[in-house]
1. Whole number please: convex hull volume per residue of the Cα set in the stretch 41-292, in Å³?
2. What fraction of the DSSP beta bridges in the stretch 41-292 is antiparallel, stated in percent and rounded to the nearest 5?
3. Please work out how much length the chain gains when fully extended from ASP314 to GLU45, using 0.36 nm per residue of separation minus the C-alpha to C-alpha distance, in nm with one decimal.
4. Only bridges whose two residues both fall in the chain count here: according to DSSP, what percent of them are antiparallel, nearest 5?
5. Quick check: pseudo-label points 7 Å beyond the Cα along Cα→Cβ at GLN54 and MET1, how many nm apart are they?
6. Relative contact order of the stretch 41-292: what whole-number percent is it, with Cα pairs under 8 angstrom and at least 6 residues apart?
7. Check the straight Cα-Cα distances from LYS369 and name the lysines below 22 Å, setting aside those fewer than 8 residues away within the same chain.
8. Counting alpha carbon pairs within less than 8 Å and at least 6 residues apart, what relative contact order, in whole percent, applies to the chain?
Amino acid sequence: MSSSDLVKRQSESPWVEYGELGTKYNSVNLCKGFPDFPPPDHVVEALITAARNQSSHQYTRQYGHPRLVNILSKMYSQLIGRPVDPLKEILITVGAYEALLSIFLGLINPGDEVIIVEPFYDCYPPMIEMAGGIPVYISLNPPEDSNQRTVSSSEWKLDYNQLASKFNERTKMIVVTTPNNPTGKVYSKEELLAIGKLCRQYGSIAVMDEVYEWVIYDDLSHIRMASLPEMWPYTLTVGSIGKTFSVTGWKIGWVYGPKKLINPLQIIHSNTVHTCATPIQEASAIALEIEFNRIGKPDSYWKQSAIELQAKRDLIIKYLQTSGVNPTIPQGGFFIVADYRNINWPSNDTIYSEKSPGDKFAKWLCIEKKLLTMPVSYFYSSSNRDKGKNSIRFCFFKKDSTIHDAGRILNKLQVKVKSNL
Ligand SMILES: Cc1ncc(COP(=O)(O)O)c(C=O)c1O
């Protein structure tokens, strides 16, 4: 018996291989995007309270548990400055993953084009292709000298002329991740306005993956596309409780947007997943209710965790800089990308199988040096993999001791002598 044609067109996600590699070589793991320490107490308490509530243990409303959609409606109505209908304009999903899948399956027709900004979270293209869509890529460009100095993720830029040239009457949507995974770029208002203008001009949807909306550094603000003038009818915004409360195992996500765009997704969801786990939705609602009341206040978990994460970011930056691995300083999110071209390593060895440029270095680092990271080339389309070939991605949402362990490994790497650079 053979697999479906749909599966034949897909390839296995690199996370599987890298996860196994890390376990096999018992490496310090800065690969995947989750903390290696416990979630906040009030979030754990919320789950215990939810578990004690007898009504939490049976099916709940298909499109989202009432208590959860109500608090999300309250929160986003305030954040984007317009009412968001809890029943018609929000769908609760199995993580942000299912939110994205329902967007693509619910709205794309075969032959529709979907612009993806590279580097991107790797599930977008296979999902778009499952729906019959055609991914069209445009890259964020780092400064030319990013291997010679520490740059900011704000310096990774979109070329507006190139962006405009990607839009046409077949452009169904554009997928934008802000804060970005892997670069940590937080899109500026000017950039979002430019994207939004093109969406309005071509009647295309802005699919905003904003799962790291609360993880913003250096007093910067996260700007929600849905809050910008005239953008509500064109915008679908994706969120994740896993990223919001550092509980990635909870796998509850959502998408909010205008009724016309949400309804097709509700249909896809009800015919596939049907309904998400009730106790986790109840717990998510309890935790969000607590956090909603302290947005911007000193005791806000989101505020505190961004401060804590910024310190972790700065810690890993120091290690990278002293090791000669040039980082891009992220403005938000859990990740940092860094250029390893200055490192002396046996790049001619053939012992590490290489699926993508950068793969070889990441495997060498894991197998020989016991540090697991992710090659940035996997965040590019297969035709543009080379653009990520000189960088690897680190997740710094880890205990300080884990970052110190990684730092000691980084500090032992040898920098090439200048003439070899
Ligand atoms: C940009 C981005 N979108 C979506 C997801 C998936 O989120 P979830 O775990 O809620 O499905 C992730 C997970 O790392 C992510 O980084």
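1. Values: hull volume 31.3 nm³, N = 252.
Taking the convex hull of the Cα positions in the stretch 41-292, it is 124 Å³ per residue.
2. Values: 9 of 28 bridges.
If I count the DSSP bridges inside the stretch 41-292, around 30 percent turn out antiparallel.
3. On the way: separation 269, 0.36 × 269 = 96.84 nm, distance 3.08 nm.
Contour length minus the Cα-Cα distance gives 93.8 nm.
4. Details: 22 of 45 bridges.
Percent antiparallel among DSSP bridges in the chain is about 50.
5. With each label placed 7 Å out from Cα toward Cβ, I get 4.2 nm.
6. Values: 467 pairs, mean separation 75.7, N = 252.
30 percent.
7. The reachable lysines, counting only those whose Cα sits under 22 Å from LYS369, are LYS24, LYS32, LYS312, LYS318, LYS355, LYS360, LYS389, LYS398, LYS399, LYS412, LYS416.
8. Working: 817 pairs, mean separation 98.5, N = 421.
RCO, the chain: 23 percent.
Values quoted throughout were computed directly from the atomic coordinates according to the rules given, and no laboratory measurement underlies them. All of these numbers come straight from a predicted model, not from anything done at the bench. Heads up, the Cβs are rebuilt from the backbone with ideal geometry, glycines too, and the neighbour counts pull from every protein chain shown.
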